[in-house]
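The values are calculated or read from the model by the stated rules, or taken from the named source; none is laboratory data. Computed from a prediction, not measured in an experiment: that's the story for all the values here. Cβ placement follows ideal geometry from the backbone for every residue including glycine, while neighbour counts extend to all protein chains displayed.
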Amino acid sequence: MELRPLGTNGPEISVVGYGGWQAGQRNWGATQPANQAVEAIRAGIDAGMTWIDTAEVYGDGTSERTVGQAIAGIRDRVMVFTKVAPDDEGSGIRPEQIHRAIDASLQRLGIDHVDLYQVHWPDDDVPLEETWGAMAELVAAGKTRWIGVSNFDRERIERCQPIHPVASVQNELSLVHRDDVAGLLPWLAEQGIGYLAYSPLGSGLLGGTLTADQRFGDDDWRSGRGQFASERTEGQEWPFDPEPLARTVAAMGQVAALGETFGLSPAQVALRWVLEQPGVTAAIAGSLSAAHTAANTVAGTTRLDAGTVASLDAIFAHTVT
């Protein structure tokens, strides 16, 4: 697997890492056997993934506990990244809350430090400088080696930098969500800040397995119904509704044809497109399938030429958000 440095001062990591959101066993449809996620994580490590990304809010600690089970006895082979969230869903990002939160995460994970601790998303009711100062204290205390942010824009990152270097930014990036390509990514590269792309497969849209008539149950956030109605942004097309889903499925047919040229699956092509974007360090690929997790690592062992990248851009020009 290809390795890249996480920013100027961070560790070398595999360009594809394991994402633990689904391992939280909540909001993704029917619950799967707990050992299935453990097997998927270990399959990724065996196939070359050198890091796992999780968070306290993924299943209210379930994902972290699962990661802890998966890495028991092999901690020296894998880095662990996790996140603390504002108190609308997580522990909160006031200084005292952050200190309690990392201790709770370490206990669930069964380890004495994490490699990267991240603020999951900002909270405008909490002074950012206080939050980031507390994050820096965790580095000094040896509870994390590096600190980063997620779902942050440039202005917030600039406010953090004078207090303590931001090792990485974790934002959404895929063929159907390219907000950061033209703006944030070039600036981050200039600053020497790493970039971790989450949802590189568009939460399943780009996996090559959905059909145009796919419908999601009320226990799956992609349905956009019931408790998940708030996920929808007013005036913005919901990508999992029938019409946009049908367009994306049709586009994935073209991706499949391109992939055949390289001996790659549609998902592997979509993942590799993310990794070809200048400024991207790595992509976070989550799955509860050991076979799918191992297959995702193949994206870290190949390349796409500039012409293919341009073709993919053109195919998805109508779906970009």
Tell me which residues, restricted to segment 14-57, are in contact with a Lys or Arg (Cβ under 7 Å, 6 or more places away or on another chain) and either of a type in the set (V, I, T) or farther than 21 Å from A197 by Cα (or both). V15, I45
Hey, G17 hits all of (1) assigned to a helix (DSSP H, G or I); (2) surrounded by 21 or more Cβ atoms within 10 Å (Cβ to Cβ) but one; which does it fall short on? (1)
E2 fails exactly one of (1) modelled with pLDDT under 90; (2) surrounded by fewer than 20 Cβ atoms within 10 Å (Cβ to Cβ), namely (1)
When you scan segment 188-205, how many residues do you find that are hydrophobic (A, V, I, L, M, F, W, C), over 12 Å from the mean Cα position of the chain (by Cα) and not in a loop (DSSP other than H, G, I, E, B)? 2
Return yes or no: is S91 assigned to a helix (DSSP H, G or I) and over 29 Å from P186 (Cβ atoms)? no
Flagged in segment 100-154 as under 16 Å from the mean Cα position of the chain (by Cα) and either of a type outside the set (D, E, K, R) or farther than 25 Å from L188 by Cβ (or both), in numbering order, are L116, Y117, Q118, V119, H120, W121, I147, G148, V149, S150, N151, F152
Taking segment 268-312 on its own, how many of its residues are farther than 15 Å from Y18 by Cβ, of a type outside the set (V, I, T) and touching a residue at least 12 places away in the same chain (Cβ under 8 Å)? 13
Index of the failed condition, A212 passing every other in (1) over 22 Å from S14 (Cβ atoms); (2) assigned to a helix (DSSP H, G or I): (2)
When residues of segment 27-53 are limited to those that are among the β-branched types (V, I, T) and touching a residue at least 40 places away in the same chain (Cβ under 8 Å), the one surrounded by the most Cβ atoms within 10 Å (Cβ to Cβ): I41
